[in-house]
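Only one structure is covered here, and it is reproduced in the block below.
The values are calculated or read from the model by the stated rules, or taken from the named source; none is laboratory data. Please read all numbers here as calculations on a predicted model, not as lab measurements. Don't worry about glycine lacking a Cβ; one is built from the backbone with ideal geometry, like all the others, and counts go over all protein chains shown. Protein only, heavy atoms only, side chains kept; ligands, DNA and RNA dropped before computing areas. Shrake-Rupley method; radii C 1.70, N 1.55, O 1.52, S 1.80 Å.
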Amino acid sequence: MSDSNGTGAYEAEAVRPIIEGYRPGGEGDEAWALMEGRLAELESLLSGGDWRLISMQAEQEFSREGLRQITEMARIMYLKNPLIQRGIDVKRFYVWGQGVSVKAADSDIHEAIKAFEEDEKNVVSLTSHQARMSAEVELETDGNLFFVFFVSPTTGRVRVRTVAFGEIAEVVCNPEDSKEPWYYLRRWQERRMSAGGARESVSRTAWYPDWRYNPTAKPATLDGHPVQWGQSMYHVKVGGFSDWTFGISEVYDTIDWALAYKEFLEDWASIVRAYRRFAFQLTTPGGRRGIAAAKSKLNTTLGNGSGSEPETVPPPVVGSTFISSPDVSLQPVRTSGATVSAEDGRRLLLMVAASTGLPETFFGDASVGSLATAKSVDRPTELAMTDRQTLWADILGDIYRFVAFWGVKAANGPLRGLGRIERTVEDGVIEERVIWNEDIDPTISVTFPPLVEGDVKERVEALVAAATLGKAGTLAGTMDLPTLARMLLIALGADDVDEVVERLFPDGEVPDATGPERSAAEAGMVEALRELRQALER
């Protein structure tokens with residue numbers, strides 16, 4: 001969609017009403033204003049410390065300022081509140097604690113992926129263990145992740161950086177489809193240093209196109225701000241609803257109950273301190289004179305800071321005996337019958353556990369656990385963690401396929417010649433996809449190790465049964481040797497699975513299907529499986 005002189009003015013005018021805050025006219029104005037007023041009133045509770053924002057209009061999204069405050073509070077609570085930090089950390093441990101295996105079926109595509117992963121810029125932002133753990137924490141506290149792709153159209157090299165959620169001010173979508181983002185408005189402070197060492201901060205604003213949006217007409221500016229056509233953005237959002245522009249913090253509903261539990265324990269600690277102010281209760285006859293006499297006998301100046309008079313009545317040592325007449329009684333002040341117990345706050349803790357989707361055993365209460373819970377995960381928790389791993393598998397799959405796409409499209413791309421780019425144009429938008437050669441398998445697998453520790457012996461026996469179908473000494477052809485080796489290494493919890501498989505089968509090659517080398521390799525694999533199973537049975 002462009003005007004006759006190709007300046008892209010038509011497209012700029014199409015998105016301008018959205019950028020400037022288009023609102024429906026006519027009779028809907030009053031209802032719209034009422035909805036906005038109610039949401040603004042609810043968001044005003046943020047500054048008052050009440051974080052229970054309940055919108056009466058499910059289709060109405062929180063404002064960008066409201067999301068900013070929620071995100072800031074979620075980040076602070078992650079740093080300061082042990083319950084929220086534990087809930088987030090447990091999820092990231094399950095998702096990334098054992099790493100991930102990425103494998104392309106074609107050896108050339110796999111080499112391109114490895115080069116992308118080993119790029120120092122990408123290691124910092126995405127492909128290292130630390131970067132992935134940090135990304136998971138930010139996804140849970142912010143509800144949003146923004147990756148920016150920097151692509152070299154000559155070499156096809158792709159570098160990934162992340163942009164803080166706080167810097168994204170607005171998302172402009174297709175006017176006819178709110179789930180199709182076109183542009184992201186970013187506002188940030190750029191810190192510069194002059195040759196003389198002086199530092200300054202410069203405010204910058206720019207638009208970034210979505211990584212899937214490629215219009216025929218590319219305006220240089222929108223709303224007076226430049227469009228970074230050489231850099232595309234990939235947005236991941238969780239929480240909230242599918243028709244919301246932004247996601248929302250996944251600990252948003254946890255904050256209230258975590259704070260309530262914290263305040264309960266603080267109040268309980270205050271009661272205990274009040275009880276402990278007096279350690280003993282002394283009962284003595286004689287009225288005031290008896291009390292004065294007892295006070296004189298028990299009085300000590302040790303540690304009172306006077307230092308002017310010698311100590312005459314030293315305090316009793318550990319294990320001393322108190323001797324008195326039957327009329328005198330010295331008893332310790334007991335707190336076991338206190339009105340409020342620390343265990344009375346368990347219901348508040350259970351609300352935190354329910355919000356995070358984790359059992360209370362994960363929050364340090366070993367009294368309700370057992371050996372079975374220590375070696376397994378309840379089904380809902382297991383499914384929740386698998387769901388998160390699936391999300392990350394989709395994210396990584398999109399990014400790696402983007403890398404492979406540019407490996408084919410770039411003038412000197414490493415995958416050029418393995419396929420061709422097919423272009424179609426519809427409604428002013430260019431859609432491009434790779435048509436791979438017939439002999440190329442473009443499949444890219446992202447595999448996580450099993451969540452549950454399980455029984456190694458059972459997994460190995462299952463692999464043996466699947467590979468041989470009960471025929472001792474021969475492979476049944478249900479899986480090829482590299483696949484069998486990979487599954488076996490994953491079952492054993494081996495590190496660097498891809499590297500080991502690459503050493504065993506360079507470039508994915510296996511011996512000829514009918515040659516003696518293949519038969520020897522199969523026999524060796526079967527024998528290795530048999531010996532491994534026997535070793536586990538000992």
Discussion item. Outside any loop (DSSP other than H, G, I, E, B), open to solvent by 50 Å² or more (accessible area, probe 1.4 Å) and either over 30 Å from residue 138 (Cβ atoms) or among the aromatic types (Phe, Trp, Tyr) (or both): is that true of residue 234 in this structure?
Written reply: no
Worksheet, complete the sentence: Scanning the range 179-235 for residues that are at negative phi and among the small types (Gly, Ala, Ser) gives 194, 195, 196, 198, 201, 203, 206, 217, 220, 230, 232
Fill in: Within the range 160-195, tally of residues that are of a type in the set (D, E, K, R) and either in contact (Cβ under 8 Å) with a residue 60 or more places away in the chain or not in a strand (DSSP E or B) (or both)
4
Item to complete: Sort out which residues of the range 230-285 are under 23 Å from residue 162 (Cα atoms) and of a type in the set (D, E, K, R), and write them in order of number.
Response: 237, 250
Worksheet item: Mind checking which residues of the range 196-214 are part of a strand (DSSP E or B), open to solvent by less than 60 Å² (accessible area, probe 1.4 Å) and not β-branched (Val, Ile, Thr)?
Response: 206, 207, 208, 209, 210
Worksheet item: Do any residues in the range 56-71 that are over 17 Å from residue 178 (Cβ atoms) and in a loop (DSSP other than H, G, I, E, B) have Cβ atoms under 7 Å from those of residues that are open to solvent by 60 Å² or more (accessible area, probe 1.4 Å) and modelled with pLDDT under 95, where the two are at least six apart or on different chains, and which pairs are they?
Response: 56/38
Fill in: Matching option when the condition is within 22 Å of residue 97 (Cα to Cα), modelled with pLDDT of 95 or more and acidic (Asp, Glu), among 138, 167
138
Item to complete: Look at residue 100 and say whether it is at negative phi and modelled with pLDDT under 95.
Response: yes
Fill in: When residues of the range 171-187 are limited to those that are touching a Ser or Thr at 6+ places or on another chain (Cβ under 9 Å) and open to solvent by less than 30 Å² (accessible area, probe 1.4 Å), the one nearest to residue 229 (Cα to Cα)
185
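Residue-by-condition table, conditions (1) open to solvent by less than 70 Å² (accessible area, probe 1.4 Å); (2) of a type in the set (Phe, Trp, Tyr); (3) at pLDDT 95 or above:
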site: 363; (1), (2), (3): yes, yes, no
site: 380; (1), (2), (3): no, no, no
site: 384; (1), (2), (3): yes, no, no
site: 392; (1), (2), (3): yes, yes, yes
site: 398; (1), (2), (3): yes, no, yes
site: 401; (1), (2), (3): no, no, yes
site: 407; (1), (2), (3): yes, no, yes
site: 417; (1), (2), (3): yes, no, no
site: 422; (1), (2), (3): yes, no, yes
Worksheet item: Is it the case that the range 255-277 has a residue that's open to solvent by 100 Å² or more (accessible area, probe 1.4 Å) and in contact with a strand residue (DSSP E or B) (Cβ under 7 Å, 6 or more places away or on another chain)?
Response: no
Item to complete: Go through the range 242-254 residue by residue and tally those that are small (Gly, Ala, Ser) and either open to solvent by less than 50 Å² (accessible area, probe 1.4 Å) or within 30 Å of residue 298 (Cβ to Cβ) (or both).
Response: 2
Practice prompt. Return a yes/no flag: does the range 290-308 have any residue that is modelled with pLDDT of 75 or more and either touching a His at 6+ places or on another chain (Cβ under 6 Å) or part of a loop (DSSP other than H, G, I, E, B) (or both).
Written response: no
